[in-house]
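Worksheet for the structure shown next.
The values are calculated or read from the model by the stated rules, or taken from the named source; none is laboratory data. This structure is a prediction, so every number in the text was calculated from the model and none was measured. Don't worry about glycine lacking a Cβ; one is built from the backbone with ideal geometry, like all the others, and counts go over all protein chains shown.
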Amino acid sequence: MTPSDIWRGPALDRDQRDLRDMLDAFAAAHDPVLTDSPEQVAGLVTALAALGVWTLGTAEETGGGGADRATTALVFERLGRAWPALGWAAAQAHAAVDVLGADERFAELVTGLHAGTAAVAVVDAAAAQVRLTWADGALSGTVARVDVAAEEPHLVLLGDAGHAVLLPPATLTPKPLRRTGFGGAMTRSLNVDAHPGEYHDLDGVDTAAARRRLRLAAAAVAAGIAGAAADAAAEYAAGREQFGAALTALPTVRQALLGQAARAAVSTAAAFGAEDEVAVLGALREACESAIDIAASALQVHGGYGYLTEYGAERRLRDAISLRAATDPGGASAAAARAMTGLPPTPTAIRKDAS
């Protein structure tokens, strides 16, 4: 059975089924293992952009596809199955277009985002990995981690009260970082040294919507990892014989497979349907934790073969761990808890009154 044959997410209309099948065919025609080769990554990104899916869910008036939330979540989920790092990079491209698309100053950059030839890392300025200071109009410090499938991205820092900052690559010094998985992410730390006139203040930005966009997209990517791991384990167990019968003849294996499939389905439904901030956060946390648990259980179903790279089970587990690190659900939880209890957002170094 193909992944499309065992879809366990919300009901899809005909156009969405066609999109799912197209993305599955595209993934099947390309190498499932990504490295940080700029040529390999750029080739896939521009090909996905040529298909119209890289920024499919951004507004038509800013050059995007104008797709609804469920259709956009479907793109992230399918990319999560194939190349989770690209799913997360596409999520950041969507958020960047949301933030920059209406500002004529950034028309060229937005065009590059749609074409897959430009990249913007979008980061919550209150996140633990952001260690910046603002003095005399200069912004300096480090962003400990970005995963945007590009060597030298722009950087958008999401502040509070509708304020954000765009930093061009010339103000950023990237340094490659080691990671557990997430092939193709080109994970970097960024040293920031931006003086007045070298960065852009962005006012009137819906930073809350950008954060929701990122969290729901990450949940969908995680659901894709979980679904792919569960499906691969079920396929392996059905075809692998032990003691004269398929592994699925063992009740413990059947229960493990059911548990994997059920949790993957719950994660997918949450990523497609969450609305308010708490539900969105719940979707992100559950999807990231489920992806790790399901991938680990799926690896166990494979037995010793699960540790061989040719089966992909170990890669999905590593990707799930790296996705959680990249998307920081713990930090998002702290911010949501403050908001839910009426406390102001955690102050950030990019507030205009911080100098």
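From the list T309, T327, the one residue that fits, being among the hydroxyl-bearing types (S, T, Y) and surrounded by 18 or more Cβ atoms within 10 Å (Cβ to Cβ), is T327.
Just to be sure, is A50 in contact with a strand residue (DSSP E or B) (Cβ under 8 Å, 6 or more places away or on another chain) and at pLDDT 95 or above? No.
Whenever a residue of the range 224-243 is within 27 Å of F76 (Cα to Cα) and in contact (Cβ under 8 Å) with a residue 12 or more places away in the chain, its partners that are among the acidic types (D, E) and crowded, with 24+ Cβ neighbours inside 10 Å, lying with C-beta atoms within less than 7 angstrom and at least six residues away or across chains, give the pairs G224/E77; I225/D319. Restricting A89, A127 to residues that are assigned to a helix (DSSP H, G or I) and under 29 Å from R316 (Cβ atoms) narrows the list to A89.
Could you identify the single residue in A339, A332 that is within 22 Å of the chain's Cα centre (by Cα), at pLDDT below 80 and in a helix (DSSP H, G or I)? Checking each option against the conditions leaves just A332.
Annotation note: of L157, L139, the sole residue that is crowded, with 24+ Cβ neighbours inside 10 Å, in a strand (DSSP E or B) and not aromatic (F, W, Y) is L157. Flag not set for D103, criterion: within 21 Å of L317 (Cα to Cα) and either without any contact (Cβ under 8 Å) to a residue 40 or more places away in the chain or surrounded by fewer than 21 Cβ atoms within 10 Å (Cβ to Cβ) (or both).
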